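S.K.: Once you've had a glance at the structure underneath, I'll fire off some questions.
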């Protein structure tokens, strides 16, 4: 339960920070994070068990 509360608080801080970040800086950062998550998802799906 503590982990869930901490995750929600951290998400709130990150969303608040993103709301005040200039768009030209935010879009490349969001793209990099999305690419990293996509690579991670592909690696996890193709990994042998």
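Just so it is clear, none of the values below were taken in a lab; they were calculated from the coordinates. These numbers come from a predicted model, not from an experiment.
S.K.: Under the 0.36 nm per residue contour assumption, what length would be gained going from the current alpha-carbon distance of residue 7 and residue 39 to full extension?
M.R.: Taking 0.36 nm per residue and subtracting the Cα distance, the gain is 9.2 nm.
S.K.: Mind checking the angle between helix 23-46 and the chain's longest principal axis? C-alpha axes, 0 to 90 degrees, to the nearest 10.
M.R.: Between the helix axis and the principal axis of the chain, the angle is about 20 degrees.
S.K.: Ok, one more. With each run of n ≥ 4 DSSP H residues scored as -39500 (n - 2.57), what mean residue ellipticity at 222 nm is computed for the chain after dividing by its residue count and rounding to the nearest 500 deg cm²/dmol?
M.R.: -29500 deg cm²/dmol
S.K.: Something else: Measure nothing but the geometry: give the 0 to 90° angle between the long axis through the Cα atoms of 2-19 and the longest principal axis through the Cα atoms of the chain, rounded to 10°.
M.R.: That helix lies at roughly 60 degrees to the long axis.
S.K.: Full extension from residue 18 to residue 32: what is 0.36 nm times the residue separation minus their Cα-Cα distance, to one decimal in nm?
M.R.: Full extension from residue 18 to residue 32 adds 3.6 nm.
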